[in-house]
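Structure, as structure tokens:
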Amino acid sequence: MKSLGSSCSSRAAAETPEASRERRAGRGALWSAWPRCAPRDLAFCMAALLLFCLGSLFIQLNGGPPKVLLELRNYLGESTYLDDHGPPAPKVLPFPSQVIYNRVGKCGSRTVVLLLRILAERHQFNLVSSDIHNKTRLTKHEQVELMRNISTIPQPFLYTRHVHFLNFTRFRIEQPVYINIIRDPINRFLSNYFFRRFGDWRGEQNHLIRTPRMKDDERYLDINVCILENYPECSNPRLFYIVPYFCGQHPQCREPGVWALERAKQNVLENFLLVGILEELEDVLLLLERLLPHYFSDVLTIYKSPAFWKVGNLTGTVKKSMPTLEALQVLYRRMKYEYEFYNFVRDQFHLVKKKIGLKSLLPISSHEPSFLRELTLHTPDPLEEEEEEVEEVEDDAKNWLVQP
């Protein structure tokens, strides 16, 4: 067996001079790449690494960094989320995150919008309230443009405007959730009639700004004359007002009839999360708070607060009066489809209330419009000798409704 020394000497003897130079050059390059430091510097680096490890262990065992380090970090500046963790996690949106309130005129919408302005700031959702009040019917091009604009609002959002129902799915756009509030049709008509002429409590002259071209003979036209003498403002199709908001943009939706009525009912069932009635507004707000908590949480508390009522009371119509019983009868017959729809919505609203355990404080007969109760409330206190005559009028007011 050859010894290790003899083996190495024989290998060195066999190596050529050129190969020996290349091997020495490779070793020199490797040694030059290796970092050179003094033993003192190496000891300092090892001590710093040990101190860092011990400090990290101490912080983990004591539940977090000391206050002095946090203050130092704040002084030097916080790094962004992207710097530390990469792209941010997607924002968790409430469901639904797209809501439309296509508010019906003179159905408490200004009160609700005032509430929404407070809620939007409190709950951090985007409230877009359109200033367009006289453009409820749109062309096909206008529908597409509006729906696309609505769809680009950052979510969660609530969009509100006086506009008839828009069918987003018809144009292959995601359909938002709808909400709305309606009221007794005759009460809505009366409120609108006097509001156009005399405004509300926000200012004595605001009605003149709203209807500057209205002449005095029209402004002070007795409502009974308007109804009984069949003025355009008090006859069909002007009285067919609520149903088109739920029927949609189809031209036939503006024609009083069964087709528009049934289509409006179908849309209520399929596209509206809730349609409430103004006569039970507190229950409407309570249901909205339960169904859409991200938008309406605490709405009832705000609504009942004295600070809100200082503003909310200014939206009431002034100089409003009740027509005669004869005029009310004529209106009721002309608004046949409006009342069929109102009764349908009221029944659906009461059904939702029943499902969550809410009871109606004032049960209403489906055959008695609410304006009859208001007629009794607005009747002046009679003198003693006229008491019997007044009771007779009230009986007549209830009897005519049961006639075919």
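The values are calculated or read from the model by the stated rules, or taken from the named source; none is laboratory data. What you see is a predicted model, and the numbers here were worked out from it, not measured in a lab. FYI the Cβ positions are ideal-geometry reconstructions off the backbone, even for glycines, and counts take in every protein chain you see.
Conditions (1) part of a loop (DSSP other than H, G, I, E, B); (2) crowded, with 21+ Cβ neighbours inside 10 Å; (3) in contact with a Cys (Cβ under 8 Å, 6 or more places away or on another chain); (4) charged (D, E, K, R), marked per residue:
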{"position": "Arg196", "(1), (2), (3), (4)": "no, no, no, yes"}
{"position": "Pro212", "(1), (2), (3), (4)": "yes, no, no, no"}
{"position": "Pro237", "(1), (2), (3), (4)": "yes, no, no, no"}
{"position": "Pro244", "(1), (2), (3), (4)": "no, yes, yes, no"}
{"position": "Ala260", "(1), (2), (3), (4)": "no, yes, yes, no"}
{"position": "Arg263", "(1), (2), (3), (4)": "no, no, yes, yes"}
{"position": "Leu274", "(1), (2), (3), (4)": "no, no, no, no"}
{"position": "Glu282", "(1), (2), (3), (4)": "no, no, no, yes"}
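For the range 134-183, the set of residues classified as within 16 Å of the chain's Cα centre (by Cα), of a type in the set (Ser, Thr, Tyr) and closer than 16 Å to Glu270 by Cα consists of Tyr178 only. For the subset of the range 303-320 comprising residues that are of a type in the set (A, V, I, L, M, F, W, C) and either part of a helix (DSSP H, G or I) or at pLDDT 75 or above (or both), which member is surrounded by the most Cβ atoms within 10 Å (Cβ to Cβ)? Within the range 303-320, the match that is surrounded by the most Cβ atoms within 10 Å (Cβ to Cβ) is Phe308. The single residue among Glu218, Glu289, Glu229, Glu270 that is within 25 Å of Ile186 (Cα to Cα) and modelled with pLDDT of 95 or more turns out to be Glu229.
For the range 123-139, the count of residues that are closer than 30 Å to Arg254 by Cβ, in contact (Cβ under 8 Å) with a residue 12 or more places away in the chain, assigned to a helix (DSSP H, G or I) and of a type outside the set (A, V, I, L, M) is zero.
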